[in-house]
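Novice: The structure under discussion is supplied below as structure tokens; questions concerning it will follow.
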Amino acid sequence: MFTQGLGNLYQITNGKTRSICAENPTGAKANGAKAKANGASLAMGKGWKCKPCITVKSGETATLADVSGSGVIRHIWMTADSRMLRAGVLRFYWDGEIKPSVEVPFGDFFGMGLERRFDLNSLPVVCNPDGGMNCYWPMPFRKGFKITFTNEYHEDVRGFFFQITYDEQEVEKSAGYFHATWRRAITTRKNPEHIIVDNIIGKGQYVGTSLSWMQYSDCWWGEGEIKFFMDGDKEYPTICGTGTEDYFGGAWNFGGNYKDTFGRHYSTPFLGFPYSERQEGKVPKHSMYRWHVMDPIRFDSDLKVTIQALGWWPEGKYQPLTEDIASVAFWYQTEPHQEFPLLPEISERWGR
């Protein structure tokens, strides 16, 4: 099995652990800490933190990893200037594919979808002070993988730090490939529905949702249901939630009273409402995540996921809302996958 945890940590395998960073850009055996001493390391000499990070110029795409062979990515840690949260783009490619299986703004991939850094303490994603972003989703590959970072900001990133740790090992036939895609849309009163992902074609399982919600309405905003249309569903979904806060594991307005826009924050292994804010002159913002680690949504041929934006009219009826919603969908599936919609330009990704 390519999965790993405390339950089988004692088992000895034939896998070989490798790790890519600026100090070992290939991850090859005995290839770390070879950079020439410079700057702060001059007094220490070669081998003493000579190249802990890279510079990514404005408009440049940096290849962070380009690996051949089979194995499983186990852990990814990254950090950079907070301006990169939406201005930077991560892309992952499996087994030599041309189109990426992961294409997500840098911060959103780690649940930092409000262009803010905050603590997030879950099982597959952990974000710590101040901007230490960690990913533990296992990502199998059979012929190799490539990970790139594109800086679409108008200035260079002079301190991009990363560590990508993986095992070289055989991968079982049943292993699916990791995918993630980002969407952003403003719902309307005529169509108060946000599409988290659609046009997934293949067999696999949906494993997570990260949601960033900019609230243009007053009072409570979270009555909308999440819906999973799978395996030929048309008008009606097979799986239907009961409310936004319910899907993210909360209840009753996340603990707020009926007219509050905020409830209590929480961050747990599989779901959370870790952050929200209200500033004078700015719209309220909320961050939520739901990882289907123990309850993956399995599909045989196709999948579409949506969530509604609903509040209340004063007379106690549902009110369709105009809200600014950005989402990341995470899933595993057989390849090939459908090509993602074109990622919006940087000017369409800002949400401040």
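Novice: What is the distance, in nm, between label points placed 7 Å from the Cα along the Cα-to-Cβ direction at L9 and at I186?
Specialist: 4.8 nm
Novice: Here is a further query. Going 7 Å from the Cα of Q205 along its beta-carbon direction, which residues of segment 143-183 have the amide nitrogen within less than 19 Å of the resulting point?
Specialist: Residues 171-181 qualify, since their backbone N sits under 19 Å from the label point.
Novice: Note down, for segment 177-340, the three equivalent ellipsoid semi-axes (square root of 5 times each alpha carbon gyration tensor eigenvalue), biggest first, whole angstrom. If you can, show how the numbers build up before the last one.
Specialist: On the way: eigenvalues 152, 56, 41 Å².
So the equivalent ellipsoid measures 28, 17, 14 Å along its semi-axes.
Novice: When only C-alpha pairs under 8 Å and at least 6 residues apart count, what is the relative contact order of segment 6-168, in percent? Please list the in-between numbers first.
Specialist: Values: 382 pairs, mean separation 57.1, N = 163.
This gives 35 percent for segment 6-168.
Novice: What would the Debye formula give as log10 I(q)/I(0) at q = 0.12, 0.17, 0.19 Å⁻¹ for the alpha-carbon point model of segment 6-168, no solvent?
Specialist: Log10 of I(q)/I(0), two decimals: -0.57, -1.12, -1.33.
Novice: Next question. Could you give the C-alpha radius of gyration of segment 110-239 expressed as a fraction of 2.2 N^0.38 Å, taking N as the number of residues it contains? Spell out each step's value before the answer.
Specialist: Values: Rg = 18.4 Å, N = 130, 2.2 N^0.38 = 14.0 Å.
In units of the globular-protein estimate, segment 110-239 measures up at 1.32.
Novice: Shifting gears a bit: Toward the positive end of the charge dipole of segment 177-340, about the Cα centre and with charges on Cβ (Lys, Arg +1; Asp, Glu -1), which of G202, H337, G256 goes farthest?
Specialist: Projecting each Cα onto the dipole axis, the largest value belongs to G256.
Novice: In the chain, if the dipole is taken from +1 on Lys/Arg beta carbons and -1 on Asp/Glu beta carbons about the Cα centre, which of P124, F145, M112 is farthest to the positive end?
Specialist: Going by the charge dipole, the pick is F145.
Novice: Now a separate question. Take peptides 151-157, 264-270 and line them up by average Cβ neighbours within 10 Å, highest first, as a rough protection proxy.
Specialist: Numbers: 151-157: 17.3, 264-270: 14.7.
The densest-packed peptide leads the list: 151-157, 264-270.
Novice: OK, next. Less than 13 Å Cβ to Cβ from T242, Lys/Arg counted +1 and Asp/Glu -1: what total charge do the surrounding residues give? Don't skip to the end; give the middle numbers.
Specialist: Details: positive: K227; negative: E223, E225, E245, D246.
That sum, taken over residues with Cβ under 13 Å, equals -3.
Novice: In debye to the nearest 20, how big a dipole does segment 6-168 give about its Cα centre with +1 on each Lys and Arg Cβ and -1 on each Asp and Glu Cβ?
Specialist: Values: 20 positive and 16 negative charges, 121 e Å.
Value, rounded to 20: 580 debye.
Novice: Please build a GNM for the chain, connecting alpha carbons under 10 Å apart, and tell me which residue among R290, R142, R189 fluctuates the most.
Specialist: Residue with maximal mean-square fluctuation among R290, R142, R189: R189.
Novice: If you place +1 on the Cβ of every Lys and Arg and -1 on the Cβ of every Asp and Glu, how big does the dipole about the Cα centre of the chain come out, in debye to the nearest 20? Mind dumping the intermediate values first?
Specialist: Working: 39 positive and 41 negative charges, 245 e Å.
It comes to approximately 1180 debye.
Novice: Give the lysines reachable from K49 as a straight Cα distance under 26 Å; neighbours fewer than 8 places away on the same chain don't count.
Specialist: K16, K29, K34, K36, K57, K146
Novice: Using 1/(1 + (r/R0)^6) with R0 = 51 angstrom and r between the beta carbons of T61 and C219, what's the FRET efficiency to the nearest 0.05? Could the numbers behind the result be given before it?
Specialist: On the way: r = 44 Å, r/R0 = 0.85.
So the FRET efficiency works out to roughly 0.70.
Any read-out appearing in this document is the output of simple, stated calculations on the displayed coordinates, not a laboratory observation. No experiment lies behind these values; they were computed from the predicted model shown. Counting neighbours? That spans all protein chains shown, and the Cβs are built from the backbone with ideal geometry, glycine included.
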